[in-house]
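Notes to accompany the following structure.
Computed from the coordinates by the stated procedures, all read-outs in this text should not be read as laboratory data. It should be emphasised that the depicted structure is a prediction, and the values quoted were computed from it without experimental measurement. Neighbour counts are summed over all protein chains in view; Cβ atoms, including those assigned to glycine, are modelled from backbone coordinates with ideal geometry.
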2 protein chains.
Amino acid sequence: MQLAPCITMVTLGVADVAASTVFYEKLGFARSSASNEQVTFFRMNGAVLGLFGRADLARDAGVENSMPGFSGVSLAHNLPSEAAVDEAYAHALACGAKPVKAPEKVFWGGYSCYFADPDGHLWEMAFNPYMPVDGNGHMALPG
Amino acid sequence: MQLAPCITMVTLGVADVAASTVFYEKLGFARSSASNEQVTFFRMNGAVLGLFGRADLARDAGVENSMPGFSGVSLAHNLPSEAAVDEAYAHALACGAKPVKAPEKVFWGGYSCYFADPDGHLWEMAFNPYMPVDGNGHMALPG
C-alpha cells in the first residue's frame, strides 16, 4: 500500500489545556465547539490543531512523558510580506508568546522569526518570496 | 490583529535528511522537486511536511539542540475504518517505522495506533467514527 500524503491533525501536548487555549484564542484562532475540558480543537486551513494534556498524549501513545528540551518540531505560518511577519511577531508577544528569534533575513532568502507557545512549542512566522501562499495559506509547492 | 488559523508547514528535525526522505517515500509520500540536500518537502493535504536537519532546525530557531525524549507533538493521519488503520500500521512497520502502540480501541471511542519515524516523531493512524474525514483527509470539525 501507499499511505496518502495527509496530516489530519497536529496535536501539541501542553501542561494546561485551558491556559493554552486562551493563548491560542488571543492569537486569533477560534475554538471548535467539538472541544471539551480535556482537548481543544482549532479548525485551521485543512489540518486541525489540537491541544491535549502532555501527560495524556504520552499515555495515549504509550510513551514515557520525559521532559524535552528542543522538541525537534516547528510549525510554520507563512505571511505575504516582511511587514506582516513583524506584525505577527509583535502580536504574538503581546499575547504572551515567548520571544525566541526576532524577525530577520534568513539564509534561505526569506525573512522569519520564531516564538514559543506556553509549553515551548515553536512557531515560525515566515515570508518566503520564492513560494507564495494562496488564499488558504498553502504554499504553491511544485510536484 | 488576529493571526489567521493557518499551518503552512510542519517541519520535523531529523538526524539524516536523506535516510528520513527514503522512509517517507516508502510510506507513500512524493518528494517535491523543490527539495534539496538540506531539506525535503512533501506536498500533503494542504500543509507541507518538511524534513530538515535537527541541528539545522535548532540553529534556525536559535534554540539549543538538546536531545529530547518525548517531543510533546504527534501528527495524526485519519483513516476511514479500523481495517485501514491495521493496514496502515503494518505498512509503516514494513517501511521501517518503529512500533509504538499497536492498533486498539481507545478511550475516546475510536481506534488507533502509533508508530515513530526514524527520529522518534510520533504518527497516529486513527479511525474516528464521530468525525469522518473528507476526500482531502480533513476532519469535518464544527465551528
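Placing +1 on the Cβ of every Lys and Arg and -1 on the Cβ of every Asp and Glu, with no other charges, gives the stretch A:1-87 a dipole of roughly 220 debye about its Cα centre.
Springs between alpha-carbon pairs under 10 angstrom, Gaussian network model over chain B: which of B:Met44, B:Met67, B:Met125 fluctuates most? Top of the fluctuation ranking is B:Met67. Once the mean of 1/r is taken over each pair of separate Cα atoms and inverted, chain A shows a Kirkwood hydrodynamic radius of 16.4 Å.
For the protein assembly as shown, what is Rg from Cα atoms divided by 2.2 N^0.38 Å, rounded to two decimals? The protein assembly as shown yields a ratio of 0.93. Spatial offset of the stretch A:72-105 relative to the stretch A:43-67 amounts to 23 Å, using the alpha carbon center of each.
Under the convention that each Lys and Arg Cβ holds +1 and each Asp and Glu Cβ holds -1, the size of the dipole of the protein assembly as shown around its Cα centre is about 80 debye.
Would you work out the charge dipole size for the stretch B:44-102 about its Cα centre, treating the Cβ of every Lys and Arg as +1 and the Cβ of every Asp and Glu as -1, and quote it to the nearest 20 debye? Here the size comes out at about 140 debye. Straight-line cross-link partners of B:Lys98 among the lysines, defined as a Cα under 22 Å from its Cα and at least 8 positions apart when in the same chain: B:Lys26. Summing +1 for each Lys or Arg and -1 for each Asp or Glu among the other residues whose beta-carbon sits under 11 angstrom from that of A:Gly120 gives 0. Shielding by partners for peptide A:47-54, expressed as the average number of C-beta atoms from other protein chains within 10 Å of each residue's C-beta, is 4. Sum -39500 (n - 2.57) across every DSSP H segment of at least 4 residues in chain B, then divide by the residue count to get the 222 nm mean residue ellipticity, nearest 500. Dividing the helical sum by the residues of chain B leaves -6500 deg cm²/dmol.
Rg and Dmax of the stretch A:73-135, both derived from C-alpha coordinates alone, stand at 11.1, 32 Å.
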